[in-house]
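Read through the structure below, which is laid out as structure tokens, and then see the notes.
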Amino acid sequence: MSQYETDNNELMDVDAMMDARYGKVGTPERERFRQEAYAFCVGNIIRDARRDSKVTQADLAARVGSTKSYISRIEHGTVEPGAGLFLRILAALGLRFDILKPTV
């Protein structure tokens with residue numbers, strides 16, 4: 001058991017764990033982790049939406065002007081699609097992207 005794990009349901013310091021594993025906020029290591037985590041999440045969202053729509057990677061690629069292998073790399077979090085491709089993917093899957101200005 002590491003110093004961040006507990007065996008009696010106590011709270012652990014997630015910030016300390018993240019700092020130890022990935023570096024402090026603002027460091028290149030932490031930024032790299034953030035980017036990888038973001039790409040992984042975006043990939044999962046796209047993969048799940050594609051599967052729910054019963055669309056193959058090849059069909060999605062054809063709809064958005066890409067390749068099956070690039071769609072696969074996006075879904076695995078290896079690459080992040082640019083904004084234009086991301087929006088084309090959402091549209092091809094019947095999804096929409098809303099930008100909302102928060103009210104204060």
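Bear in mind that the values in this text are calculations on the coordinates, not laboratory data. As the structure is a computational prediction, the values presented were derived from the model and not from experiment. Backbone-built Cβ (ideal geometry, glycine too); neighbour counts: all protein chains shown.
Brief remarks on what is shown
- Pairs with Cβ under 6 Å, 6+ apart, first in segment 33-52 and touching a residue at least 60 places away in the same chain (Cβ under 8 Å), second surrounded by fewer than 13 Cβ atoms within 10 Å (Cβ to Cβ) and part of a helix (DSSP H, G or I): none
- For segment 88-104, taking the residues that are without any contact (Cβ under 8 Å) to a residue 40 or more places away in the chain, touching a helix residue (DSSP H, G or I) at 6+ places or on another chain (Cβ under 7 Å) and not in a helix (DSSP H, G or I), the one that is nearest to F33 (Cα to Cα) is identified as F97.
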